[in-house]
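The structure under discussion appears below in the form of structure tokens.
The values are calculated or read from the model by the stated rules, or taken from the named source; none is laboratory data. In this text the structure is predicted, and so the values were computed from the model without any measurement. Neighbour counts are summed over all protein chains in view; Cβ atoms, including those assigned to glycine, are modelled from backbone coordinates with ideal geometry.
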Amino acid sequence: MRAPESSFPRARIPYGTWGSSYFPAWQTSALAEVNIGQFAGEGFARILGLRKVPLRHLEYMVVGSTIPWHWKFWGAPFLSHCAGRRIPGFHVEEACATGLQATVLAGALVQEGDSEVIGVLTFDRTSDSPVGVFPERRAYQRTVPISDVWDNFGFDPATGKAMIATAGLAARKYKCDRAEVDELALHRHEQYFEAKASGFLDRVLVKLDLLNLQGRPLGSIDDDLGVRRLTREDLRAMRELDTCVTAGTQTHASDGMATLLVTNEAKAKELSPRPEIAIRFIAKTEVRTSPALMPEAPAIAVRRLLDRTGVTMNDMAVVKNHNPFAINDVIFAKHLDYDWKRMNRTGCSLVWGHPQAPTLTRSLIEALEEAVSLGGGYVLLFGCAAGDVGICALFEVS
């Protein structure tokens, strides 16, 4: 098969110039007490320091977050200031697709030649998310008194459906079997704990210390707090919240950050600890499905990407996704006639949690690291977002 042409032939992700925090679940760590932007900026500098990338190389930033945070107005200049080098950049937000979208946009900027080295920094904190008060002049009420991130999880203003309802609706459409969904969730947990025991996660996850406003230590983020071991019996005993959806077959809200660099071929060789490894962008696809059928959207996006590029699922070295519900993977397997046991071999967001913006960034880092350990090949990353959106991208590691 002839290799597909790259959408951004100049862009590269330099191997090893990346890292992610652990993702503690909502309200389980001291991360709930700090400014998430400052934490992300300082964590960015810490990770680049560990990867031996001097900040002087950095020219621009693409920042992604979905939950408002104090000083968000100042964006990239403030975040890079926290890292130690004040540079420009912009902010991108697309619900759960944010991490992948930010990386793709950075690739486009490198392709244009506007900047040589771009830092992609994504982060979110669901713990203690801010509450907003909005003017409402179209009704007798002067203001709508409360709006926060939990409102958005629980209610799509376009359809009236909660996120969880999209999973139940899709499960009924595809006649999914509760036993298979439970079996998949159990397998995903086993994959995560195997990757953790093998030391694989230590190659991508970084312990980060926390300081309060006075600079005093609050502790460290050194584990995916909230992840628990499950048994078949545990899963079978759980009450269905919607069709094939239980507490054990959906992800949990969490906090965290993840970052990587995007640059050109020459700089990638200069900055990477293994310059012989090339990671290039191939293609990206994004679709909308029918309203409130979010779990099927990624499969439709992947099918379109395969048609565009001419590659097949059998050509993939690594297949990884953001799966807020186990039902996502079951539907993907049905759509693409693909064995779901071949996906997410080093863990996934179904298990380690979902802080929105950095979710697909961490997934991509893990996927690229896995591909390197396998000797290279195509990496397929995909996920869902905002009720009925699917996004996917194809990378090549050689």
- Conditions (1) out of contact with any strand residue (DSSP E or B) (no Cβ under 9 Å at 6 or more places or on another chain); (2) outside any helix (DSSP H, G or I); number of the one not met by residue 81: (2)
- Task: Select from region 188-234 the residues that are of a type in the set (Val, Ile, Thr) and in a loop (DSSP other than H, G, I, E, B) and list them in ascending order.
- Result: 204, 206, 227, 231
- Note on the structure: The lone condition residue 93 fails out of (1) over 18 Å from residue 360 (Cα atoms); (2) surrounded by fewer than 18 Cβ atoms within 10 Å (Cβ to Cβ) is (1)
- All positions within region 319-343 that are outside any helix (DSSP H, G or I), surrounded by fewer than 22 Cβ atoms within 10 Å (Cβ to Cβ) and not aromatic (Phe, Trp, Tyr): 337, 339
- Message: Condition check: over 21 Å from the mean Cα position of the chain (by Cα), modelled with pLDDT under 80 and in a loop (DSSP other than H, G, I, E, B). Does residue 157 satisfy that?
- Response: no
- Task: Return yes when residue 44 is surrounded by fewer than 24 Cβ atoms within 10 Å (Cβ to Cβ) and either touching a residue at least 24 places away in the same chain (Cβ under 8 Å) or among the basic types (Lys, Arg) (or both) and no when it is not.
- Result: no
- Message: The conditions are (1) more than 25 Å from residue 204 (Cβ to Cβ); (2) of a type outside the set (Gly, Ala, Ser); (3) in contact with a Pro (Cβ under 9 Å, 6 or more places away or on another chain); (4) at pLDDT 95 or above, and residue 10 fails exactly one of them. Which is it?
- Response: (3)
- Item | Top-ranked residue of region 111-134 - restricted to ones that are assigned to a loop (DSSP other than H, G, I, E, B) and not acidic (Asp, Glu), ranked as farthest from residue 14 (Cα to Cα) | 131
- Item | Subset of region 262-291 [out of contact with any Phe, Trp or Tyr (no Cβ under 6 Å at 6 or more places or on another chain), outside any strand (DSSP E or B) and of a type in the set (S, T, N, Q)] | 289, 290
- Task: Please indicate, with yes or no, whether at least one residue in region 321-328 is at pLDDT 95 or above, assigned by TED's automatic domain parsing to the domain that holds residue 285 and more than 20 Å from the chain's Cα centre (by Cα).
- Result: no
- Looking at (1) touching a Leu at 6+ places or on another chain (Cβ under 8 Å); (2) modelled with pLDDT of 95 or more; (3) part of a loop (DSSP other than H, G, I, E, B), find the lone condition where residue 28 falls short. (2)
